[in-house]
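The values are calculated or read from the model by the stated rules, or taken from the named source; none is laboratory data. Just so it is clear, the model here is predicted, and its values are computed rather than measured. Neighbour counts are summed over all protein chains in view; Cβ atoms, including those assigned to glycine, are modelled from backbone coordinates with ideal geometry. Just so you know, the surface numbers come from the protein's heavy atoms only, side chains and all, with ligands and any DNA or RNA stripped out. Shrake-Rupley method; radii C 1.70, N 1.55, O 1.52, S 1.80 Å.
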Amino acid sequence: MSDGRTIPSHTDPFTLSAWIMSQQHSVAPEARGRLTILLHAITVGCKFVASAVRKAGLAGNDVLGMAGSENVQGEDQKKLDVMANEVFKNVLSRTGQCAVMVTEEEEDPIIVGEKRRGEYCVVFDPLDGSSNIDCGVSIGTIFGIYKVRDGSTGAVEDVLRPGREMVAAGYCMYGSMTYLMLSTGKGVAGFTLDPSLGEFVATHRGLTVPPRGKIYSTNEGNASMWDAAMTKYVASKKHPGEGGKPYSLRYVGSMVADVHRTLLYGGVFMYPADKKSPKGKLRLLYEGYPMAFLVEQAGGRAIDERCEPVLDRVPEHIHDRSPVYLGSKEDVDDIERCYREAGLV
Ligand code: AHM
Ligand code: MG
C-alpha cells in the first residue's frame, strides 16, 4: 500500500501547473494545450473559493448564510454556493475552451456562445457540502471534463454520457488544508495549496487507495429506510463476530471530505437509495462520476445499486441521481456480496 505521498522539495516546488503540462504531453502528444488552459482556470477558481472560505467567518453575513434562493434541486442556496458558482462559470467561460457547462446550481446546461466556444464540457458542483458551510467544516468543489463528441459544437448530449468517457476529473477540498486531487486518466495526483506561494504543490503522486480499510462512512440516520443488503453490510461491520474487529464509523456529510479520507485511508463511502430517496441523493454528473473516476484511477471500486460500475451508467438528464458505494476494492466487494446474498441483484 502506498499513499503516494511525496514531501515537496524546498528548492523544487513541483506545481500543479507544471504537472498539468507534463500530463498534457503524455495523455495526448498532439495536444494543443487546451485542456491545460481549462485545468488551470479550474485551479484559479479553487484558489478564489479557498480564499473566500478562509475569510468567510470574518466576513460574516456578506458571505455566510442563506442567499434567499433555491437551486434546481429545490435546496436553499447559501451565499457561498452562489458566489462559487459565479466564479467557476466566469473563469471557465473566459478560457474559450468550453462548449457546455453543467453546474449543480442551475437547472439547464450552459451552452457557450460561438465567440467563446471551445471543445470541452465541464460539469461541476461549485461548492459541495452546503450544510457544512456555516460551521466551518470541510467543503469542496467537484468537477469532471468531457470532450465534445466529434462534430458537435456543444449540446446537452455531449454531457449525457457515461462518466468513463470523461477526460479528467477532480475535486478541491477546503479543509484544514486545501487539497486538489486530479486525474487525467493516468492515475491520481494530489496537490496541497501552499498559502505562502499561492500555488498548489505536488504532495501525492501515484495515489492508491488501500485494498481494504477499517472505516465505513454513511448517513446512518437513514438506516430505518435502507434495503436489506445495506442493513446487513453495516451490521456486519459493527458486529463482526468472534475475533473480528469492528470498523469505525466516520461521516462528515461533505462528499469531498468523506471521499478524500476514503482515498487516503481506505474503507467505504456509501450513499445508498432509501425509502425517502429511491434514486439516492448524489448527482451523477458532478458528484458520482468524478469521484468514481478518481477512485477507479486509484485502484479502488465504485458501484451503484445494481453492483455495476458507477462510471458505466448512462445519464438521461443532467441532474440525474444514483446510489453510490465506493472505496477500497475488497470492502466494495463485501457490499456486492451482501446485495447478491439478499437477492437484490
Ligand atoms: P449538496 O450538493 O447540496 O451539498 O449535497 C451533497 C452532499 C454531499 O456532499 C454529502 O455526501 C451528502 O450531501 C450528505 O447528505 P446527508 O446530509 O443526507 O447525509
Ligand atoms: Mg453537491
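Okay, residues lined up against (1) modelled with pLDDT of 95 or more; (2) of a type in the set (D, E); (3) more than 30 Å from K232 (Cα to Cα):
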{"site": "L160", "(1), (2), (3)": "yes, no, yes"}
{"site": "G170", "(1), (2), (3)": "yes, no, yes"}
{"site": "T178", "(1), (2), (3)": "yes, no, yes"}
{"site": "P195", "(1), (2), (3)": "no, no, yes"}
{"site": "G198", "(1), (2), (3)": "no, no, yes"}
{"site": "H204", "(1), (2), (3)": "no, no, yes"}
{"site": "P211", "(1), (2), (3)": "yes, no, no"}
{"site": "Y216", "(1), (2), (3)": "yes, no, no"}
{"site": "N219", "(1), (2), (3)": "yes, no, no"}
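Could you grab the pairs with beta carbons closer than 6 Å, sequence gap of 6+ or different chains, first residue in the range 149-166 and under 15 Å from D320 (Cβ atoms), second one open to solvent by 30 Å² or more (accessible area, probe 1.4 Å)?
Pairs found: V156/P109; P162/D312; P162/V314.
Any idea which residue in the range 302-330 is nearest to R164 (Cα to Cα), counting only those that are open to solvent by 50 Å² or more (accessible area, probe 1.4 Å) and outside any loop (DSSP other than H, G, I, E, B)?
Among residues in the range 302-330 that are open to solvent by 50 Å² or more (accessible area, probe 1.4 Å) and outside any loop (DSSP other than H, G, I, E, B), the one nearest to R164 (Cα to Cα) is D312.
Could you grab me the full set of residues in the range 83-105 that are open to solvent by 50 Å² or more (accessible area, probe 1.4 Å) and within 16 Å of ligand 1 (Cβ to nearest atom)?
Listed by number, the list holds a single entry, M83.
Which residue pairs have Cβ atoms under 6 Å apart, sit 6 or more places apart or on different chains, and have a first residue in the range 115-130 that is touching a residue at least 40 places away in the same chain (Cβ under 8 Å) and open to solvent by 20 Å² or more (accessible area, probe 1.4 Å) and a second that is within 16 Å of ligand 1 (Cβ to nearest atom) and part of a strand (DSSP E or B)?
What qualifies is S130/K78.
Of these, I111, I139, which one is in contact with a Gly (Cβ under 6 Å, 6 or more places away or on another chain), open to solvent by 10 Å² or more (accessible area, probe 1.4 Å) and of a type outside the set (S, T, N, Q)?
After applying the criteria, what remains is I111.
Taking the conditions exactly as written (part of a loop (DSSP other than H, G, I, E, B) and touching a residue at least 12 places away in the same chain (Cβ under 8 Å)), does V234 satisfy them or not?
In short, no.
Quickly run through the range 284-301 and pick out the residues that are touching a residue at least 40 places away in the same chain (Cβ under 8 Å), open to solvent by 10 Å² or more (accessible area, probe 1.4 Å) and touching a helix residue (DSSP H, G or I) at 6+ places or on another chain (Cβ under 9 Å).
The answer is F293, G299, G300.
Scan the range 179-199 and tell me whether some residue there is closer than 17 Å to T262 by Cβ and over 16 Å from the mean Cα position of the chain (by Cα).
No.
Which residues, taken from the range 177-229, are part of a strand (DSSP E or B) and either surrounded by fewer than 16 Cβ atoms within 10 Å (Cβ to Cβ) or of a type in the set (F, W, Y) (or both)?
Y179, F191, F200, Y216
Being of a type in the set (G, A, S), within 16 Å of ligand 1 (Cβ to nearest atom) and assigned to a loop (DSSP other than H, G, I, E, B) is the filter here, so list the residues in the range 124-166 that pass it.
G129, G136, S138 - these are the residues of the range 124-166 that are of a type in the set (G, A, S), within 16 Å of ligand 1 (Cβ to nearest atom) and assigned to a loop (DSSP other than H, G, I, E, B).
Would you point out the residue of the range 230-273, among those that are open to solvent by 20 Å² or more (accessible area, probe 1.4 Å) and within 14 Å of the chain's Cα centre (by Cα), that is farthest from ligand 2 (Cβ to nearest atom)?
Taking the candidates together, the pick is R261.
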